[in-house]
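Taking it in order: structure first as structure tokens, then the write-up.
The values are calculated or read from the model by the stated rules, or taken from the named source; none is laboratory data. Just so it is clear, the model here is predicted, and its values are computed rather than measured. A quick note on method: Cβ atoms are made from the backbone with ideal geometry, for glycine too, and the neighbour counts reach across all protein chains shown.
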Amino acid sequence: MTYGTVALRWQDHRESLIRLWNDNLTDRRIAEVAADRIRWLYETNPAGAARTLLCVTAVGEPVGCASFIPRPTLAGGEVLSAAILNDFAMDRAHRAAGPAVALQRALAREGVAAGFDLLYGWPNDRARGVLKHIGHRVLGSATTWVKPLRARPQGRNPDAIQEAITDRVGKARIAQITARALAAAVTYPLLAPALGAVLDVSSLTVDGLKRLPSLRHLGAMTLNRADDRFDDLWLRARPRSLVMGVRTASYLNWRYADFTTKHYRFFCLADHKTKQIAGYLVFTIERRQAVIVDLFCENLESTLDALLAAFSLAARGQGADTITFTYFGTDTLVRSLKANLFFPRPGTRPVMAFFGPRLSAETQGLLADSQNWFMPDGELDI
């Protein structure tokens with residue numbers, strides 16, 4: 001069968017694109033919000049509308065789609081014209097390598113012609129080979145980290161138990177017990193109920209110890225939308241060496257507050273007096289699981305430790321049993337995850353990127369090193 005590619009034309013392809021989404025994308029809620037999602041992707045992104053190509057048969061029937069979303073990305077202090085790969089879908093009867101490769105090759109050409117120097121994302125198993133075939137390179141793997149918050153039924157008074165335990169054993173011993181118990185619960189889920197008392201008591205104690213004296217001027221708050229303080233945080237704390245998407249309030253609100261199939265909120269640490277935000281994370285809670293999808297703060301060590309510790313207590317108070325966070329990039333953040341008793345879940349997902357011909361050798365070298373990246377999955381999976 002002969003295939004071709006065409007640019008999305010709303011007057012001709014609207015219903016076909018919605019059908020491809022509904023039939024092939026993993027988020028089944030898209031069918032309920034298709035009209036809102038179209039507006040969100042193509043009309044409201046402050047960085048520019050998504051660009052979509054369709055794979056069509058010889059008679060013009062759309063059987064596949066692929067898109068990229070403009071995403072200005074900071075790399076070594078320079079803002080690159082970049083985009084995130086999105087919505088790659090092929091009808092089951094047309095999933096041979098040929099048409100999929102042709103579609104992604106055309107999308108890469110479209111990106112370069114439109115002035116984008118970097119396309120990146122994290123493909124599933126089927127898409128990985130297709131992207132590699134047309135010149136995308138594997139930069140590394142994203143890992144999901146999990147922190148159990150409880151392992152027994154609710155109802156007891158954890159604060160009272162914590163106080164009693166703290167009186168009887170040293171703080172260092174509590175940390176050691178917690179680390180071993182949490183690691184066992186992650187590795188052997190069937191043991192979690194038996195470890196419940198240890199998990200519930202000692203994890204709360206260690207989280208409490210994370211409230212560093214130097215950060216006692218900060219308090220926690222939860223917001224539904226980002227405001228001007230997020231812009232201020234970005235301007236004063238944006239890194240000079242890491243690769244990360246530009247985090248303005250307008251982008252954060254578009255990506256998270258206005259998202260169409262999930263409800264995200266911003267958990268923040270802010271100065272008690274000035275109300276200046278020192279750090280935030282973006283989260284949602286579903287089926288007793290708190291999922292962190294993005295974060296940023298003044299300091300990837302002390303402030304981040306306090307942010308994760310405070311959120312652990314808040315998420316537990318909102319009924320979450322676990323926190324999960326999927327991330328690719330610098331080990332500086334990984335060290336904070338480990339210090340806050342997050343453990344890696346088996347299995348990883350590759351992060352891949354296509355470098356445009358205008359990128360300098362120096363910038364390509366910076367992008368090729370996974371230790372230069374800072375990419376939570378909210379950045380990679382739109």
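Name the residues in region 287-298 that are part of a loop (DSSP other than H, G, I, E, B) and either buried (at least 16 other Cβ atoms within 10 Å of the Cβ) or in contact with a His (Cβ under 9 Å, 6 or more places away or on another chain) (or both), would you? Answer for region 287-298, where residues must be part of a loop (DSSP other than H, G, I, E, B) and either buried (at least 16 other Cβ atoms within 10 Å of the Cβ) or in contact with a His (Cβ under 9 Å, 6 or more places away or on another chain) (or both): just E298. Residues in region 281-299 include none that are small (G, A, S), over 16 Å from the mean Cα position of the chain (by Cα) and outside the structural domain of A113 (by TED's automatic domain parsing). Of the strands (runs of 3 or more DSSP E) lying entirely inside region 1-118, the ones with 3 or more residues being outside the structural domain of P239 (by TED's automatic domain parsing) and among the hydrophobic types (A, V, I, L, M, F, W, C) are found at 51-57, 62-70, 82-90.
When region 251-268 is filtered for residues that are without any contact (Cβ under 8 Å) to a residue 60 or more places away in the chain and in a helix (DSSP H, G or I), the ones remaining, listed by number, are L252, N253, A257.
Residues in region 90-102 that are surrounded by 21 or more Cβ atoms within 10 Å (Cβ to Cβ) and touching a helix residue (DSSP H, G or I) at 6+ places or on another chain (Cβ under 6 Å): M90, A100. Given the structure, is L54 without any contact (Cβ under 8 Å) to a residue 60 or more places away in the chain and either touching a Leu at 6+ places or on another chain (Cβ under 8 Å) or surrounded by 14 or more Cβ atoms within 10 Å (Cβ to Cβ) (or both)? Spelling it out, L54 is indeed without any contact (Cβ under 8 Å) to a residue 60 or more places away in the chain and either touching a Leu at 6+ places or on another chain (Cβ under 8 Å) or surrounded by 14 or more Cβ atoms within 10 Å (Cβ to Cβ) (or both).
Results for (1) in contact with a Lys or Arg (Cβ under 9 Å, 6 or more places away or on another chain); (2) in contact (Cβ under 8 Å) with a residue 60 or more places away in the chain; (3) of a type in the set (V, I, T), shown as yes or no for each residue.
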residue: V293; (1), (2), (3): yes, yes, yes
residue: A309; (1), (2), (3): yes, yes, no
residue: F343; (1), (2), (3): yes, yes, no
residue: T348; (1), (2), (3): no, yes, yes
residue: F355; (1), (2), (3): yes, yes, no
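Could you tell me whether A93 is over 21 Å from the mean Cα position of the chain (by Cα) and modelled with pLDDT under 95? Here the answer is yes, as A93 does meet what is asked. Just one residue in the set A310, A361 is among the hydrophobic types (A, V, I, L, M, F, W, C) and surrounded by fewer than 18 Cβ atoms within 10 Å (Cβ to Cβ); that residue is A361.
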